[in-house]
Structures are given as structure tokens and as C-alpha cells.
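Have a look at this one.
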Amino acid sequence: MAPFKSGFISILGRPNVGKSTLFNRFLGDKVAIVAERPQTTRHRILGIKKVEGGQLIFLDTPGIHPGGSELNRRMVQTAIASARDADVLLFLVDATAPHAEKDGEVMGPIKGGSGVPFLVINKIDLVKRKSLLPIIDQYRRLHPFKGILPVSAVTGEGTDVLLDEILKVLPEGAPYYPEDMITDQTERFWVCEIVREKVIHQSYQEIPYSTAVTVEAFEEHPEKNLVIIKGTIHVERDSQKKILIGKGGQKLKKIGEAARKEVESFMGTKVFLELWVKVEKNWTRDPRALDRLGYSSALNHLPGGG
Ligand SMILES: Nc1nc2c(ncn2[C@@H]2O[C@H](COP(=O)(O)OP(=O)(O)OP(=O)(O)O)[C@@H](O)[C@H]2O)c(=O)[nH]1
Ligand SMILES: [Mg+2]
């Protein structure tokens, strides 16, 4: 019998290239939130995939980008830390917007990491086949990748081939996590993320970047098949609060409804979701506010150090 394999696979790249979509595709479930806009993922999200003869631990990471705020800096630090001890490094790029120079600028963690590096060209469902060759040619100069694989995280094309390539290079070893575990994130954290996703989907300009979500109460009432959740949407300015609440509270209601429906279908219970909007002035630049809102930079390391 072939020996059991297990290891960490870090998914890295610039914002919006489809890291979280690919991560969810591998897990067959929506573990990470996704949005059309860049800088959606802010934490290291861990997802565990069981395959015959192996356990693959995927790490979704924030997009690596320049950016002025302390939040931006912590996001990038988080991504870099997730690359440090990973066995496999997937560097994702967007086939619809290839930009080898820009991608090259954020490849530090790939070049400095000890994991086996693959280049993954994503969103191939949106481009013509023949445009892939020049992209491959352009990127292969950036780094001695173990392989260059075109995929579509949305349709799934190419992802099985990628999975096989990952398994080939994954080290032998016992599983790191219990067999039935899918993620290390709490339900509470996941609810915060879903609410934040709905805010991103239903707002524009700078609001997505200025929003954080916390959950203050999470009360389970199994006898009533009900969960009561109380959360807060934090924004940076009074004007943003006004926009998010909307005329007669309509906007906030829409956000709350969309989030509640998704949480209900995930938890299989009725959910009562109460949301408040609060101004936390300039929290994206304030280290203490960032810690309080769940963006402390120490949260994101692999088990056993890192
Ligand atoms: N057509 C198509 N769209 C994709 C594909 N992968 C991702 N997208 C879309 O690209 C957008 C960004 O996807 P995300 O998965 O949130 O990207 P990300 O790299 O995690 O972004 P950040 O977390 O902001 O760094 C979303 O609108 C996705 O639906 C793909 O293979 N094909
Ligand atoms: Mg993401």
C-alpha cells in the first residue's frame, strides 16, 4: 500500500485572482468568502481535504498588495507567514489580466519559501486557448516553477490535474487533523465573514475596505431549532454608517437578510440575526482597534510555530 501523505498547501497571489474560489472548489464547500472586489480575504483560512491516501491542508490567504494602512500591512504579513512552512506553494495569476511584472513583485514568499512552487493560471474559462501560450512563456521566466497549470476555479477545469500534481509532491506523514474536520475556523468567525461578504456585495467605493464585523452573541436554542446571533458592522466614518443603514434601514435589512439566509442553510436551523452599525474611527490604521476587531497579526500561523 502507498504510504499516507499529508501537508500544507498555501494559495498565494495578488488580490482578486481567485484564490478563495479555488480554495472553496478544492474543499467542495464555501469555507471562504468570495467577492468581485480585491482585498476580500483578510485572514489565513484553513481548509482540510481528505483524499484516498492523503490529507491536504489548504491555506487561503489575503492577496499580496502594496497599501498604506496597518490593516493592509497585517494582511500581507499574514499571507507571507502562511507561505513560510507550507509544503506546496500555489502562486495564482489571472489569465484575463496577466501582468508578469506586477506578479513578480509579490513573489517574495514563493522565492524565499521552501515549499514546492506551482504557477496556477486561473480563470481560463474567460480566455481563448491560444492566449495561454504567451502567458505561460512570460511567467516561466519569473521562477523555476515545478509546474505551470491552467485552471478555472469556477468551472473546475484543470483542478483535478492540479490536485494530482500536488499529491505527487506532498510529503509522507500522518494526518495533522482529525479525519472529519473541514476547517479550524469557528462558526462565529464564519458568520462574521458571511456578513462582511454581504456588505461587500451590496456596497461600493471605499465601504468594503472600511468594514469589519464582530459577533457579540451566539446563542444556540436546540429545543427551538433556533440560533440567535447579534453582530456589529464597524465602519470608519459617520457617512459610511449612514449609507450602510440606508433610507429607513432598508440597506441594513437587505444585508442582514442575505446573511441570515446563508447562515440558516449552512447551520440547518432557524437563525435570528440582529445587526448594528457602529463607527470605529479609522480602525484600519489603529493597531489597538485592529486587535480588538480580530485582525491581530499573531492569529495566522501554522500549528507548531511558524
Ligand atoms: N470566470 C471566472 N471567475 C473567477 C474564477 N475564479 C475566481 N473568479 C472570480 O474572481 C473574483 C475574485 O475571486 P476571489 O476568489 O474572491 O479572489 P481572491 O484571489 O480570493 O481575492 P482576495 O481575497 O481579494 O485576494 C470573484 O468575482 C470570482 O467569482 C474563474 O476561474 N473564472
Ligand atoms: Mg480571497
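The values are calculated or read from the model by the stated rules, or taken from the named source; none is laboratory data. Model, not experiment: these values are computed from the prediction. A quick note on method: Cβ atoms are made from the backbone with ideal geometry, for glycine too, and the neighbour counts reach across all protein chains shown. Ligands, DNA and RNA are stripped out before the accessible areas are found, and what is left, the full protein with its side chains, is counted by its heavy atoms. Shrake-Rupley method; radii C 1.70, N 1.55, O 1.52, S 1.80 Å.
If a residue has to be β-branched (V, I, T), within 14 Å of ligand 1 (Cβ to nearest atom) and either in contact with a Pro (Cβ under 7 Å, 6 or more places away or on another chain) or open to solvent by less than 20 Å² (accessible area, probe 1.4 Å) (or both) to count, how many in the range 82-105 make the cut? Give the steps one after another, and end with the answer.
Narrowing the range 82-105 to residues β-branched (V, I, T): 88, 93, 96.
Now drop any that are not within 14 Å of ligand 1 (Cβ to nearest atom), which leaves 93, 96.
Subsequent filtering for residues that are either in contact with a Pro (Cβ under 7 Å, 6 or more places away or on another chain) or open to solvent by less than 20 Å² (accessible area, probe 1.4 Å) (or both) retains 93.
Number of matching residues: 1.
If you don't mind, another one. Suppose we keep only residues that are open to solvent by 80 Å² or more (accessible area, probe 1.4 Å) and in a loop (DSSP other than H, G, I, E, B) within the range 131-154. Which one would you say is nearest to ligand 1 (Cβ to nearest atom)?
The residue in question is V154.
Can you pull out every residue in the range 24-43 that is within 29 Å of P3 (Cα to Cα) and more than 8 Å from ligand 1 (Cβ to nearest atom)?
Here is the first cut: in the range 24-43, the ones within 29 Å of P3 (Cα to Cα) are 24-29, 31.
The answer is R25, F26, L27, G28, D29, V31.
Just to be sure before I move on: is L12 touching a strand residue (DSSP E or B) at 6+ places or on another chain (Cβ under 8 Å), more than 7 Å from ligand 1 (Cβ to nearest atom), closer than 19 Å to M181 by Cβ and open to solvent by less than 10 Å² (accessible area, probe 1.4 Å) in the structure I sent? Spell out the reasoning first.
Working: touching a strand residue (DSSP E or B) at 6+ places or on another chain (Cβ under 8 Å): yes; more than 7 Å from ligand 1 (Cβ to nearest atom): yes; closer than 19 Å to M181 by Cβ: no; open to solvent by less than 10 Å² (accessible area, probe 1.4 Å): yes.
No: the conditions fail for L12.
Okay, moving on. Mind checking whether some residue in the range 195-202 is part of a helix (DSSP H, G or I), open to solvent by 70 Å² or more (accessible area, probe 1.4 Å) and acidic (D, E)?
No, the range 195-202 contains no residue that is part of a helix (DSSP H, G or I), open to solvent by 70 Å² or more (accessible area, probe 1.4 Å) and acidic (D, E).
Kindly list the number of the only condition in (1) touching a residue at least 24 places away in the same chain (Cβ under 8 Å); (2) in contact with a Leu (Cβ under 9 Å, 6 or more places away or on another chain); (3) open to solvent by less than 40 Å² (accessible area, probe 1.4 Å) that fails for V213.
Of (1) touching a residue at least 24 places away in the same chain (Cβ under 8 Å); (2) in contact with a Leu (Cβ under 9 Å, 6 or more places away or on another chain); (3) open to solvent by less than 40 Å² (accessible area, probe 1.4 Å), only one is false for V213: (1).
Kindly indicate whether any position in the range 182-191 is open to solvent by less than 70 Å² (accessible area, probe 1.4 Å), within 14 Å of ligand 1 (Cβ to nearest atom), hydroxyl-bearing (S, T, Y) and in contact with a helix residue (DSSP H, G or I) (Cβ under 9 Å, 6 or more places away or on another chain).
As a first pass, look at the range 182-191 and keep what is open to solvent by less than 70 Å² (accessible area, probe 1.4 Å): 183-185, 189-191.
Right, trim to within 14 Å of ligand 1 (Cβ to nearest atom) and you get none.
No: zero hits.
A follow-up question, please. Taking A79 as the residue in question, decide whether it is in contact (Cβ under 8 Å) with a residue 60 or more places away in the chain, more than 15 Å from ligand 1 (Cβ to nearest atom) and either out of contact with any Ser or Thr (no Cβ under 8 Å at 6 or more places or on another chain) or of a type outside the set (K, R) (or both). So that I can check it myself, show each step before the final result.
On the way: in contact (Cβ under 8 Å) with a residue 60 or more places away in the chain: yes; more than 15 Å from ligand 1 (Cβ to nearest atom): no; either out of contact with any Ser or Thr (no Cβ under 8 Å at 6 or more places or on another chain) or of a type outside the set (K, R) (or both): yes.
Spelling it out, it is not the case that A79 is in contact (Cβ under 8 Å) with a residue 60 or more places away in the chain, more than 15 Å from ligand 1 (Cβ to nearest atom) and either out of contact with any Ser or Thr (no Cβ under 8 Å at 6 or more places or on another chain) or of a type outside the set (K, R) (or both).
Select from the range 48-81 the residues that are open to solvent by 40 Å² or more (accessible area, probe 1.4 Å) and assigned to a strand (DSSP E or B) and list them in ascending order.
Correct list: K49, K50.
In the list K123, K111, K168, K128, which residue meets the criterion of being open to solvent by 20 Å² or more (accessible area, probe 1.4 Å) and under 26 Å from E52 (Cβ atoms)? Let's see the steps before the verdict.
On the way: K123 fails: under 26 Å from E52 (Cβ atoms); K111 fails: under 26 Å from E52 (Cβ atoms); K128 fails: under 26 Å from E52 (Cβ atoms).
None of the others qualify; the one that does is K168.
What's the total number of residues in the range 51-80 that are farther than 11 Å from L12 by Cα, among the small types (G, A, S) and within 16 Å of ligand 2 (Cβ to nearest atom)?
Result for the range 51-80: 1.
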